[in-house]
Amino acid sequence: MKIANKISLSFLITVLILTIIAGTVFYLIAKDSLQKAIYNNLATACCFRSDNIKTYLKMLEISVGQLSQSTVLADFLKLSDKENPQRNDAFDVAMKRLARTKEANPAIAEFLLMNKTGRVAASSDKSSIGQDESADSIFLGGQKEIFIKDVYYSETFKEPLMAVSAPFMDGVTGKLLGVLAARVRLTDLNNIVASEIGMGKTGEIYIVNEYGYMITPSRFEKGAVLKQKVDTENVRQARLHKDIEHLLSQQKVAGIYPDYRGVQVLGANEYIPLMQWAVIAEIDAKEAFR
């Protein structure tokens, strides 16, 4: 082989090697940049939903807290003597107040007014009157401060609900008169996380409770609420960084890991300390890198 041909061949091989190296470096840089951009989009969506969820929970606390200041309901609770001639009138007024307040908010399934022993004294649903709720967390948790009961399945309403309760205190003696509770449908909570705008064909946002179960609907699995267990790296990371608000500020890169379906996804997360919830945002890796 002539020297000129050897030089040309060596040159071509060198160029080819340099091209492969440069292409590989460019690919890795581009992939890293894309992955960061995807994470920022997911984290932004997750932060936005998380803030809205916190605002919603605060609104529930405020609305139930305000109703627990009602003099009409407090006066009824004070009339504990069933022989008191004023009790029937006070009962009617209390029932009307609870019913009207419920009608004004379609998300409320029921308002309960429990006496200091935990028995339902008045309700927006007459069938609940007389029920003993003394062992329920809506009574136990609401005796001293406003309390939010995590999502649970209601056998009465045949659907998942959450509940908010607040104490009724005697303004003179400071003693407990009873507890007001609102059973809340998940419509508003679901609407906050359900929007698929900007999430592509496979992106979704959902909430996982402290026990690792999904409490908002899945985009892929029917009947997932309180049934779908989610023990993924994304959920574990949310709990690991529970003291950090808005992980977007940490310049973290999205991880790639299997989700609850076993599908490789990119994800971001937020943690809501009040409820020990993990807010999860994910999109299939195939779609993300397409």
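Sparse packing (at most 15 other Cβ atoms within 10 Å of the Cβ) combined with a DSSP loop state is found for the following GluC sites (Glu not before Pro) in the stretch 80-151: E83, E145. Cα to Cα, under 16 Å, and not fewer than 8 places away if on the same chain: which aspartates and glutamates meet these conditions relative to K286? The qualifying aspartates and glutamates are D32, E204, D259.
Each listed q (0.10, 0.16, 0.17 Å⁻¹) maps to a log10 I(q)/I(0) for the stretch 143-245 from the Debye sum over equal C-alpha point scatterers, namely -0.40, -0.85, -0.92. Label separation (E103 vs T187): 1.6 nm, computed from points 7 Å beyond Cα along the C-beta direction.
Once you have a ≥ b ≥ c as the square roots of the Cα gyration tensor eigenvalues for the stretch 34-189, tell me rounded if a/c is under 1.5, and otherwise prolate or oblate according to whether a/b is larger than b/c. Walk me through the numbers on the way to the answer.
On the way: a/c = 2.63, a/b = 2.26, b/c = 1.16.
Prolate is the answer for the stretch 34-189, as a/c is 1.5 or above and a/b outweighs b/c.
Overall, the accessible surface of the stretch 123-228 at a probe of 1.4 angstrom is composed of carbon and sulfur to the extent of 51 percent.
What full-extension length gain, to one decimal in nm, is calculated for K286 and R219 as 0.36 nm per residue of separation minus the Cα-Cα distance?
Numbers: separation 67, 0.36 × 67 = 24.12 nm, distance 1.69 nm.
So the extension gain works out to 22.4 nm.
Label-to-label distance, T71 versus D89, with points set 7 angstrom from Cα along the beta-carbon direction: 1.5 nm. Rolling a 1.4 Å probe across the protein heavy atoms gives the stretch 71-143 an accessible surface of 55 Å² per residue. Taking 16 Å as the straight-line reach from the Cα of K116, the aspartates and glutamates in range (excluding those fewer than 8 positions away in the same chain) are D75, D81, D132, E133, D136, E145, D170.
With a 10 Å radius around each residue's Cβ, average the other Cβ atoms per peptide and rank 174-187, 60-73, highest first.
Details: 174-187: 20.9, 60-73: 16.8.
Result, highest mean first: 174-187, 60-73.
With a cut-off of 17 Å, note down the residues of the stretch 264-279 whose backbone N falls inside the zone around a label point 7 Å from the Cα of E233 toward its beta carbon. Only 264-270 fall inside the zone, counting backbone N under 17 Å.
With 0.36 nm allotted per residue and the present C-alpha distance subtracted, the Q131-T44 stretch has 26.8 nm of extension available.
The values are calculated or read from the model by the stated rules, or taken from the named source; none is laboratory data. No experiment lies behind these values; they were computed from the predicted model shown. Cβ coordinates were reconstructed from backbone atoms using ideal geometry, including for glycine residues, and neighbour counts include every protein chain displayed. Just so you know, the surface numbers come from the protein's heavy atoms only, side chains and all, with ligands and any DNA or RNA stripped out. Shrake-Rupley method; radii C 1.70, N 1.55, O 1.52, S 1.80 Å.
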